[in-house]
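Just so it is clear, none of the values below were taken in a lab; they were calculated from the coordinates. Treat the numbers as computed from the prediction; the structure is a model and nothing was measured. Neighbour counts run over all protein chains shown; Cβ positions are idealised from the backbone, glycine included.
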Amino acid sequence: MISPCPRYSPRGINCPKLPPGEQLDYSLSSPLANNQELCKHNKPWPTPAATWTAGQQVSVKFAPGGAPHGGGHCQFSFLYDGGKKYVVVHEIMGHCFGADNNQRDISFTLPAGLPGAKQADFMVTWVNAIGNREFYCWSTNVAINGGSTPFTGKEVTIANWRTYPVIAEFQGNFNTGVEHYKNAKTITVG
């Protein structure tokens, strides 16, 4: 992910200033290792990497090229007020980077009922279709112009990391592991 700029990215677009004592992370395109925290960096940017409005279309950009590993499942989710659970606002099953694996600009509409926040955690997660069983995760902070009521949706699905379920290599079946996403708990945030 390059936009909105993920935490501590050396390649992101319009990145905020690094928090004091932190360094750029040149390994953000690598999968999450078992000894790393979710999304590698939990200390937020001092200022939001983007400002979005509930009910409007937003765009998440990935660097051109790279290794799309045959696509896979990806989710886009938010965490509010230092909570512990991310709520999904958009997901793509099977072909995260498009049927041809060349899509690097993913646009979607934020739910109209999404609560406003000065600094909400925004997370993108991806389970690859082909290759080693891996879990990719990027996180940043965005300001959201929205309402003041809580939002209810699915909890983010985590797989292929630590003790979470393993989703097998797809072997051409792009419905592999979809049950983990369909059976996710419903949670309320904000």
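Here is how the numbers come out for the structure above:
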quantity: Restricting region 115-186 to trypsin sites (Lys or Arg not before Pro) in coil, as DSSP defines it, with at most 11 other Cβ within 10 Å; calculated: LYS185
quantity: Reachable aspartates and glutamates, given that their alpha-carbon falls under 14 Å from the alpha-carbon of LYS84 and they are not under 8 places away in the same chain; calculated: GLU37, ASP121, GLU155
quantity: Cleavage-rule hits, chymotrypsin sites (Phe, Trp or Tyr not before Pro), region 1-91, DSSP coil, Cβ neighbours within 10 Å at most 11; calculated: TYR26
quantity: Selection of trypsin sites (Lys or Arg not before Pro), region 7-46, meeting DSSP coil and at most 16 other Cβ within 10 Å; calculated: ARG11, LYS17
quantity: Hits among lysines - C-alpha to C-alpha of LYS182 under 20 Å, sequence gap 8 or more where chains match; calculated: LYS85, LYS154
quantity: Structure-based [θ]222 nm, the chain - -39500 (n - 2.57) summed over DSSP H runs of at least 4, per residue, nearest 500; calculated: -500 deg cm²/dmol
quantity: Shape parameters for the chain, alpha-carbon atoms, Rg then Dmax in Å; calculated: 15.7, 46
quantity: When region 134-180 is reduced to its Cα atoms, the Kirkwood hydrodynamic radius in Å; calculated: 13.9 Å
quantity: Fraction of alpha-carbon pairs over 19 Å apart in region 12-86 - percent; calculated: 52 percent
quantity: Expected-Rg normalisation [2.2 N^0.38 Å, Cα atoms] applied to region 85-190; calculated: 1.15
quantity: Longest DSSP-loop-exposure-free segment, GluC sites (Glu not before Pro), the chain, at most 14 other Cβ within 10 Å; calculated: 38-190
quantity: Relative contact order (percent, whole number), the chain, Cα cutoff 8 Å, 6+ residue spacing; calculated: 24 percent
